[in-house]
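K.L.:
Let me begin by handing over the structure; questions about it come next.
Derivation of every value follows stated rules applied to the coordinates shown; laboratory data play no part. Only a predicted model underlies this, so the values are computations on that prediction, with no experimental measurement involved. We place every Cβ from the backbone using ideal geometry, glycine too, and count neighbours over all the protein chains shown.
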Amino acid sequence: MGEKNMEPQENIWHLPVGCTHEVAASAALLSFVGGAGDFDHKGRVRCPKGYGGQIKGAIKNVGSALTQENCSLSDIIRVKAFVQLSDEVGEAEVTEMLLEVLPDSPAPVISIVPVEIQPFPDQKVQIQVIAMRGWREQECQFVESALDLAGARKNPTVTRVLRAGEVIATSNRTADHFSVGIKGEMSGEDQSHAIMTSLNSDLESVGATLQDAIKMEGYYRGTTREQWTPLAKARASYFSEPGPPATVIPCHLGGHDQTVTRVGVLAMRERRNSYNKYIPREDAWPERVWDWPAELPYRQAQKLRDMIWLGGQVPAQPFSNTGKRVHPGQLLPQARFTMSYISDLLRPFGKVPADLKLLVCYYRRLPDHDETEALVHLLADYCGGVLPPLSLIPVDHMQDKDSTIEIWGVAQG
């Protein structure tokens, strides 16, 4: 019997961590890739110096990861890129590089998050994606426009909002995006209102509103609760109860020097005959799980269409809305405690952390004390030994001096 002529298979990429992790996973109709970089199968960055090479390598890795979920790059709905920008390569340039290697007509929604540090040496870019098999063969709606950022050398045409069946993604944005414009001394509160109005307008163009959001993700410049509160109240004013699970992180924002905040949402809305309808959610909020120190409409965990979306969990004092932290300033004890909240939130749905299909972790990394490896092993222990697709985003500070971590994810419902 003759041997079959078989092409050698390229080894799948791997994060440079000493534990097993999935590169892609699915919850109901969506598939996720978390934190893909330009890594080879040994976790080494292939193009340590160039943005273009790292973006191409990361997108290639995304494509190979999606293959295991019977998806391809054409199935991507949203790309979220955490990027160390530079004076030479800004948000518009990174967006254009991504557009060059992604399918178009329409392109997926691209959300850039400028970061100052990455979890691993030589890494400039990490890319998280959400995909839905075969959406291009169905009816879709989208809005495109020039990115139009102040000071940008290029203004690429991007997809601001994309609706594929029931799933809707918007690009995250500042008040400087899409000609909204920061005018004079525009306060963070006013910037928040401008952003939320822009997001709602884009959602309305595809038959939805902010009330259909299943996840809100935001970023702001600040280190105190006094800086967070007015922005939080401004965002919250656009939702009635029950609002979506939310995650809002202190982060380097890049771009316009007056930029204070950046926000994006994911939403779902069904069509019945010729009408658009709100999709009811199941809700879980065990008594032990904390509440915010300001009265906000968001929920901690919601299930719809066999997916469980979590709000960003922090090591806040249980059974309270004081805003105080347990194990103040200690990353690993706070990570363990935060994962116990995720276990609490999944339990009413009959699920555990091993059912997570995406895990997103923002954590404080000190210049002289990198606990990334130990953190990854702790997360793996909570997830049954094998991590789901994982996004690790180190920052130099969290909400206050006592906070070190915020974690959210999506589980199979």
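K.L.:
As a check on your grasp of the helix formula, calculate [θ] at 222 nm for the chain: sum -39500 (n - 2.57) over DSSP H runs of n ≥ 4, divide by the residue count, round to the nearest 500.
P.N.:
Value at 222 nm, helices only: -6500 deg cm²/dmol.
K.L.:
I would also like to ask the following. Excluding residues fewer than 8 places away in the same chain, name every one of the aspartates and glutamates whose C-alpha is closer than 13 Å to that of K154.
P.N.:
Straight-distance partners of K154: E88, E91, E93, E96.
K.L.:
For R325, what charge total do you get from the other residues with a beta carbon under 15 Å from its beta carbon, if Lys and Arg give +1 and Asp and Glu give -1?
P.N.:
Within the 15 Å Cβ shell, the charges total +1.
K.L.:
Here's a follow-up. Can you give the Kirkwood hydrodynamic radius of the stretch 294-413 from its Cα pairs, in Å with one decimal?
P.N.:
After inverting the pairwise mean of 1/r, the radius is 14.6 Å.
K.L.:
Share of antiparallel DSSP beta bridges in the chain, in percent to the nearest 5?
P.N.:
Rounded to the nearest five, the antiparallel share is 75 percent.
K.L.:
Of A284, S205, F120, which is farthest along the charge dipole of the chain in the positive direction, counting Lys and Arg as +1 and Asp and Glu as -1 at C-beta?
P.N.:
Positive-end residue among those listed: A284.
K.L.:
Here's something else I'd like to know. What is the gain in length, in nm to one decimal, between E88 and E373 on full extension, counting 0.36 nm per residue of separation less the C-alpha to C-alpha distance?
P.N.:
The span from E88 to E373 would gain 99.5 nm if fully extended.
K.L.:
Taking R0 as 51 Å, what's the FRET efficiency between N155 and R347 from their Cβ-Cβ distance, rounded to 0.05?
P.N.:
0.60
K.L.:
Scan the chain and hand back the longest stretch that contains none of the chymotrypsin sites (Phe, Trp or Tyr not before Pro) lying in DSSP loops with at most 16 other Cβ atoms within 10 Å.
P.N.:
Answer from the scan: 1-277.
K.L.:
Please report, in Å, the Rg and the Dmax of the chain, where both are computed over Cα atoms only.
P.N.:
When restricted to Cα atoms, the chain yields Rg and Dmax of 20.2, 78 Å.
K.L.:
Sticking with this one: If exposed GluC sites (Glu not before Pro) are those in a DSSP loop with at most 16 other Cβ within 10 Å, what is the longest stretch of the chain that has none?
P.N.:
After excluding every exposed loop site, the longest remaining stretch is 296-413.
K.L.:
Given q = 0.15, 0.27 Å⁻¹, what are the Debye log10 I(q)/I(0) values for the stretch 305-366, with equal point scatterers placed on the Cα positions and solvent ignored?
P.N.:
So the normalised log intensities work out to -0.51, -1.27.
K.L.:
Next question. For the chain, set up a GNM with springs between Cα atoms under 10 Å and report which of K42, K233, K303 has the largest fluctuation.
P.N.:
Answer for the Gaussian network model of the chain: K42.
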